[in-house]
Amino acid sequence: MADPAIIRLFVAIELPGSVLSALTQLQHQLQRNPAIARLRWVRPEGIHLTLKFLGETPADRQPAIEAAIAKAASGQASFELGLGRLGSFGSKQSPRVLWVDLTGDAQRLAQLQTRVEAELASAGFLPEDRRFSPHLTLARVHPERAREAAATLQQAIETTAVPAVTFSAQAVSLMKSDLRPGGAVYTRLFEAPLR
């Protein structure tokens with residue numbers, strides 16, 4: 001049983017319904033291929049733009065995290081983003097994650113993520129050791145199926161058109177992740193609006 005004093009947290013930009021609907025259609029389109037259909041697909045309502053993963057965190061740190069997020073968001077204006085192209089993490093022969101990247105105001109997004117990272121570092125959270133790579137995860141590849149799915153997945157990445165949908169990033173959210181047998185369930189705990 002999970003310790004109620006420990007919560008699994010991350011900081012994200014939540015996506016509007018129009019984007020989630022477009023991503024659902026994209027997932028259904030990709031799943032028509034049997035080799036790709038067996039990937040572990042992220043439920044559309046669970047797709048978000050992660051700015052910082054905090055992981056297992058003592059619940060009593062939540063107020064400091066909220067204050068850091070509010071400070072990072074203060075004075076920052078909302079900005080426009082759009083769905084970009086498909087891609088994957090891992091090698092072409094052994095993919096791990098299928099994602100969609102983002103277009104639009106990448107500079108403002110990077111600045112916001114840098115501010116979130118800096119404010120959380122001031123609150124005692126270690127900064128990421130890898131470069132921020134904004135993406136929306138569509139599916140994860142089982143390691144034992146990676147080689148089998150690799151060629152088909154690469155072909156889908158190169159030939160599948162992603163819907164041209166744009167949206168406005170309006171707020172930064174602190175999200176709680178509850179790991180359950182049917183997949184993670186996400187709950188917003190705090191939201192700091194962008195002006």
Strands (runs of 3 or more DSSP E) lying entirely in region 130-195 (those with 3 or more residues that are farther than 26 Å from Ala70 by Cβ): 135-140
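Rundown of residues vs (1) surrounded by 17 or more Cβ atoms within 10 Å (Cβ to Cβ); (2) of a type outside the set (Ser, Thr, Tyr); (3) in contact (Cβ under 8 Å) with a residue 60 or more places away in the chain, yes/no style:
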position	(1), (2), (3)
Lys52	yes, yes, yes
Glu56	no, yes, no
Lys71	yes, yes, no
Gln76	yes, yes, yes
Leu83	yes, yes, yes
Ser88	yes, no, yes
Lys92	no, yes, yes
Selected residue [surrounded by 13 or more Cβ atoms within 10 Å (Cβ to Cβ), over 22 Å from Ser21 (Cα atoms) and touching a Lys or Arg at 6+ places or on another chain (Cβ under 6 Å)] from Leu189, Leu194, Leu174: Leu189
Criterion (touching a residue at least 60 places away in the same chain (Cβ under 8 Å) and either farther than 28 Å from Ile36 by Cα or in contact with a Pro (Cβ under 7 Å, 6 or more places away or on another chain) (or both)) met by exactly one of Leu109, Leu138, Leu126, Leu102: Leu109
Pair list, Cβ under 8 Å, 6 or more apart: region 30-45 residue farther than 14 Å from Pro143 by Cα, other residue among the hydroxyl-bearing types (Ser, Thr, Tyr) and part of a loop (DSSP other than H, G, I, E, B): Leu30/Thr160
Gln113 out of contact with any Ser or Thr (no Cβ under 7 Å at 6 or more places or on another chain), surrounded by 15 or more Cβ atoms within 10 Å (Cβ to Cβ), not in a loop (DSSP other than H, G, I, E, B) and not small (Gly, Ala, Ser): yes
Subset of region 111-157 [modelled with pLDDT under 90, touching a Leu at 6+ places or on another chain (Cβ under 8 Å) and of a type in the set (D, E, K, R)]: Arg145
Hey, Leu120 closer than 15 Å to Val100 by Cβ, buried (at least 18 other Cβ atoms within 10 Å of the Cβ) and out of contact with any His (no Cβ under 7 Å at 6 or more places or on another chain) or not: no
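The values are calculated or read from the model by the stated rules, or taken from the named source; none is laboratory data. Quantities reported herein were computed from a predicted structural model and do not represent experimental measurements. FYI the Cβ positions are ideal-geometry reconstructions off the backbone, even for glycines, and counts take in every protein chain you see.
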